[in-house]
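Colleague: Next up is a structure, given as structure tokens.
The values are calculated or read from the model by the stated rules, or taken from the named source; none is laboratory data. The structure presented is a predicted model; accordingly, all values stated were derived computationally and were not measured. Note: ideal-geometry Cβ built from the backbone for every residue, glycine included; neighbour counts use all protein chains shown. The area values use the complete protein model at the heavy-atom level, side chains included, leaving out ligands, DNA and RNA. Shrake-Rupley method; radii C 1.70, N 1.55, O 1.52, S 1.80 Å.
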Amino acid sequence: TGLPFSHRGRFYDIPELTINPAPFTRGGPPVMLAGDGVIDRDAERAAQRGKRYMIDPSLPLDEVSRLVALYDAAYTGDGEQELPLFNYGFVSDDSDPWEEMRDGFTYLRQTYDRWAGRPVREVHRDNHRLILGNTEQMVEQVLEYHRMFGDRLHVVMRLNYPGQDPVRSDRAVRAWGEVARLVRSRLATTDRT
């Protein structure tokens, strides 16, 4: 909040201090709660606290829709909450986007399996909810998400993966900017009709 505070906790004590600069958002930045593996409880817990909910980007779309419905039913905040939807994917107009991300994405997902103590699974394109394609294909996929979740949707896209050439990531970020511009333009046109 930008005001002085102190904390005495089980593991840490923090003497009175003020963090500067104060947050841009009045009252402090918005809080987002992520799931910890108890999926239904996590969606309801975030909603009951009036916080944004971060849904695991590896979940299939039907599970995302189910969790959003649970979240919406339990939401106790003021007004409609924004829905940040994290996604894995890649955009490329001159190469196969899956090939651009495959090695780094495989490493990432298998590392997460190891960290979670799960058996390391093979990674295949069809086993994940990915937003992949050229600029126009990406626009259509994002618009489909918008049809499902409405104006509260904020699409967050991971476009860089471990070991990936930064030039590829930078090119994808620029292309993603064009996707965002086109999506906004089409939504504005739709709103006017």
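Colleague: Among the residues that make up region 127-144, is at least one of them open to solvent by 90 Å² or more (accessible area, probe 1.4 Å), touching a Leu at 6+ places or on another chain (Cβ under 9 Å) and of a type outside the set (A, V, I, L, M, F, W, C)?
Modeller: Within region 127-144, none of the residues are open to solvent by 90 Å² or more (accessible area, probe 1.4 Å), touching a Leu at 6+ places or on another chain (Cβ under 9 Å) and of a type outside the set (A, V, I, L, M, F, W, C).
Colleague: Taking the condition of being in contact with an Asp or Glu (Cβ under 8 Å, 6 or more places away or on another chain) and either open to solvent by 80 Å² or more (accessible area, probe 1.4 Å) or in a helix (DSSP H, G or I) (or both), how many residues in region 155-181 meet it?
Modeller: Looking only at that region, the number is 4.
Colleague: Taking interchain pairs and intrachain pairs at least six residues apart, which have beta carbon atoms under 9 angstrom, with the first residue in region 142-154 and closer than 21 Å to G79 by Cβ and the second among the polar types (S, T, N, Q) and assigned to a helix (DSSP H, G or I)?
Modeller: Correct list of pairs: M148/S65; F149/S65.
Colleague: Can I ask one more? Can you pull out every residue in region 1-47 that is open to solvent by 60 Å² or more (accessible area, probe 1.4 Å), of a type in the set (D, E, K, R) and not in a loop (DSSP other than H, G, I, E, B)?
Modeller: Selection gives R8, D13, E16, D40, R41, E44, R45.
Colleague: So if I check each of G117, G150, G163, which one is on the phi > 0 side of the Ramachandran plot and in contact with a helix residue (DSSP H, G or I) (Cβ under 6 Å, 6 or more places away or on another chain)? Reasoning before the result, please.
Modeller: Details: G117 fails: in contact with a helix residue (DSSP H, G or I) (Cβ under 6 Å, 6 or more places away or on another chain); G150 fails: in contact with a helix residue (DSSP H, G or I) (Cβ under 6 Å, 6 or more places away or on another chain).
Selected residue: G163, the only one of G117, G150, G163 that is on the phi > 0 side of the Ramachandran plot and in contact with a helix residue (DSSP H, G or I) (Cβ under 6 Å, 6 or more places away or on another chain).
Colleague: Can you tell me which residues in region 125-151 are in contact with an Asp or Glu (Cβ under 7 Å, 6 or more places away or on another chain) and either closer than 18 Å to D56 by Cα or not in a helix (DSSP H, G or I) (or both)? Break it down stepwise before answering.
Modeller: Residues of region 125-151 in contact with an Asp or Glu (Cβ under 7 Å, 6 or more places away or on another chain): 134-135.
Residue satisfying the conditions is N134 alone.
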